[in-house]
Amino acid sequence: MGLTSLWYPFIVTALCLVLCAAIARRDPWYRDHLAPSNAGRFESIDGLRGFLAIGVFFTHVIATYGFYAHGRWYSTFSPIHAVMGQTGVSLFFMITGFLFWRRALRAKGSLDARALFVSRIRRLVPMYAVSVAFAFLIIAAMSGFQLREPVVTVLKEVRGWLSFGFMHAGDVNGVQDAHIINAVYWTLAYEWSFYLALPLLALFARGWAFALLAAATLFFGIQAPITINFLAGALAAMAVERGLLNGRLARAWLTPIPVAAIATVLAVFDEAFHPAAIGLLFVAFLFIVDGNTLFGLLRTRAAQLFGTVSYSFYLLHCIVLFVAFRLVDAVSPVAHLTGAQHWTVAALAALGTTLLAAFTYRRVEYPFIAARPLSATAKMRALATSQAA
């Protein structure tokens with residue numbers, strides 16, 4: 001099989017699911033964490049996240065070959081692999097739009113901005129900081145743990161790595177092409193832009209105000225279609241809140257429809273950020289938010305665990321890929337590897353990333369998730385309950 005054979009992504013995904021199933025079965029903490037009592041209404045979304053993250057991984061596997069073989073970090077020589085990652089990003093943004101627009105709808109225009117920002121900081125910053133620390137450690141090792149540029153220059157270069165993608169994370173301390181150590185941060189800038197704007201956008205959550213907001217998003221989104229994904233998620237949230245779905249799309253016999261929609265995006269489009277591609281992904285997303293589990297796949301413990309650790313996987317996979325292929329290249333040029341050899345390294349990197357993600361979710365992410373402070377409303381309710389007791 002050649003480098004771009006689609007069998008390789010299927011095999012790697014299957015291996016990761018087997019590993020996730022083993023962790024979910026054998027690790028007592030994850031057994032309890034994934035217990036049915038902890039399952040939410042949208043468990044299909046939780047089961048989807050891991051597949052989205054590994055889709056981005058596959059794009060970067062191909063981009064890694066492009067870097068070593070052609071001297072350029074790119075994946076467009078295999079369009080379907082490039083679109084895998086974009087599809088993952090698009091659906092991640094739809095999930096964000098869906099979950100947080102539901103919060104805006106339920107807040108009825110009085111969204112607790114402080115609680116929102118505190119929760120996002122606690123959820124996103126700790127693992128982001130760990131991933132940046134790993135990247136800096138690699139950069140330090142590549143520069144021989146020596147200062148190769150003036151301190152002021154290095155500090156200026158470091159800013160981009162600490163900006164959540166709002167600034168370019170480029171070369172540091174003379175290490176060229178450092179950006180490929182972790183090439184995912186740019187997406188976090190879109191996430192944070194949405195969160196920062198949400199308290200204001202929530203004022204337009206209902207009625208004609210939302211229609212105007214949607215029209216403005218479509219009009220200006222043509223310049224940056226990726227932003228339309230957030231609107232798609234918001235539309236899905238409104239469909240759920242108004243009772244327009246109610247499990248109608250969860251029927252197993254309808255599953256070929258979302259599968260065909262995603263497959264069409266992968267097979268037909270050169271990029272998943274095209275408005276028509278976003279429309280097809282929106283169709284698939286509606287089925288999933290309405291509880292369609294893709295023939296039960298998204299409800300399996302393996303998929304649930306993979307989704308649980310997906311943020312760690314997303315932030316760590318580039319780093320593991322970079323280290324793995326750099327070690328291989330020191331022994332045998334990556335550009336000369338066969339497709340099977342290249343994907344064998346990628347499979348080992350995927351399994352290693354999954355293990356590392358399972359560790360960092362439990363030790364880095366979860367302590368901050370579990371210790372979230374109560375919102376002002378929740379505090380008042382708790383106080384009233386205690387006084388009534």
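The values are calculated or read from the model by the stated rules, or taken from the named source; none is laboratory data. What you see is a predicted model; the values in this text were computed from it and never measured. Please note: Cβ atoms are built from the backbone with ideal geometry, for glycine as well, and neighbour counts cover all protein chains shown. With ligands, DNA and RNA removed, areas are computed over all heavy atoms of the protein, side chains included. Shrake-Rupley method; radii C 1.70, N 1.55, O 1.52, S 1.80 Å.
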task: Return only the number of the condition from (1) under 20 Å from Val323 (Cβ atoms); (2) touching a Gly at 6+ places or on another chain (Cβ under 7 Å); (3) free of Cβ contacts under 8 Å to residues at least 24 places away in the same chain that Ser143 does not satisfy.
output: (3)
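Listed residues Ala324, Ala389, Ala340, Ala376; which is farther than 19 Å from Ala129 by Cβ, at pLDDT below 95 and in contact with a helix residue (DSSP H, G or I) (Cβ under 9 Å, 6 or more places away or on another chain)? Please lay out each step first, then the result.
Working: Ala324 fails: at pLDDT below 95; Ala389 fails: in contact with a helix residue (DSSP H, G or I) (Cβ under 9 Å, 6 or more places away or on another chain); Ala340 fails: at pLDDT below 95.
Just a single option satisfies the conditions, and that option is Ala376.
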query: Within the range 318-357, can you find the residues that are under 19 Å from Val184 (Cα atoms) and surrounded by fewer than 16 Cβ atoms within 10 Å (Cβ to Cβ)?
result: Arg326
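Restricting attention to the range 115-163, which residues are of a type in the set (A, V, I, L, M, F, W, C) and assigned to a loop (DSSP other than H, G, I, E, B)? Before you say what the answer is, go through the steps one by one.
Initial filter on the range 115-163 (of a type in the set (A, V, I, L, M, F, W, C)): 115-118, 121, 124-125, 127, 129-130, 132-142, 145, 147, 151-152, 154-155, 158, 161-162.
Across the range 115-163, the qualifying residues are Phe145, Leu147, Leu162.
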message: Within the range 216-273, take every residue that is within 19 Å of Val56 (Cα to Cα) and outside any helix (DSSP H, G or I) and give me the one that is least open to solvent (accessible area, probe 1.4 Å).
response: Ala272
message: Condition (residue is within 30 Å of Phe204 (Cβ to Cβ) and either surrounded by 15 or more Cβ atoms within 10 Å (Cβ to Cβ) or touching a helix residue (DSSP H, G or I) at 6+ places or on another chain (Cβ under 7 Å) (or both)) applied to the range 50-66: is it met by at least one residue?
response: yes
message: For the range 185-215, give me the residue count where each residue is touching a residue at least 60 places away in the same chain (Cβ under 8 Å) and open to solvent by less than 60 Å² (accessible area, probe 1.4 Å).
response: 11
message: Based on this model, can you work out whether Trp73 counts as open to solvent by 20 Å² or more (accessible area, probe 1.4 Å), within 28 Å of Ile228 (Cβ to Cβ) and not charged (D, E, K, R)?
response: yes
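Specify which of the listed residues (Val328, Val320, Val309) is in contact (Cβ under 8 Å) with a residue 12 or more places away in the chain, in contact with a Ser or Thr (Cβ under 6 Å, 6 or more places away or on another chain) and under 30 Å from Ile138 (Cβ atoms).
Sole residue among the options that is in contact (Cβ under 8 Å) with a residue 12 or more places away in the chain, in contact with a Ser or Thr (Cβ under 6 Å, 6 or more places away or on another chain) and under 30 Å from Ile138 (Cβ atoms): Val320.
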